[in-house]
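Each value in this text was obtained by applying a stated rule to the coordinates, not by laboratory testing. All values derive from a computational prediction rather than experimental measurement. Positions of Cβ are backbone-derived with ideal geometry, glycine not excepted, and every protein chain shown enters the neighbour counts.
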């Protein structure tokens with residue numbers, strides 16, 4: 001928006017307001033193209049995030065399975081160590 005003041009003489013001042021339009025407001029097709037470009041960007045970002053999310057879920061599933069296997073191995077090792085300690089104590093008492 002642009003306001004112009006025109007001084008006619010010492011007592012009269014006339015103001016005129018001119019609305020300036022941006023190029024995109026003058027041409028709806030330009031505004032539509034800009035909106036389409038933004039939409040294309042959003043769609044690309046959505047696809048990227050969707051793929052990343054899928055990849056992270058696969059990785060998470062693999063890590064959960066690996067954790068379960070490690071817990072199983074730890075439990076088995078603990079049981080074996082406890083059994084060895086028990087045998088050693090038994091041998092010590094028998095001696």
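Things worth noting here:
- The simple spin-label model puts a point 7 Å past each Cα toward its Cβ; for residue 42 and residue 90 those points are separated by 7.2 nm.
- Extension gain, residue 49-residue 78: 0.36 nm per intervening residue step, less the Cα-Cα distance, totals 6.2 nm.
- Pairs of alpha carbons in the stretch 24-94 whose separation is greater than 20 Å (percent): 67
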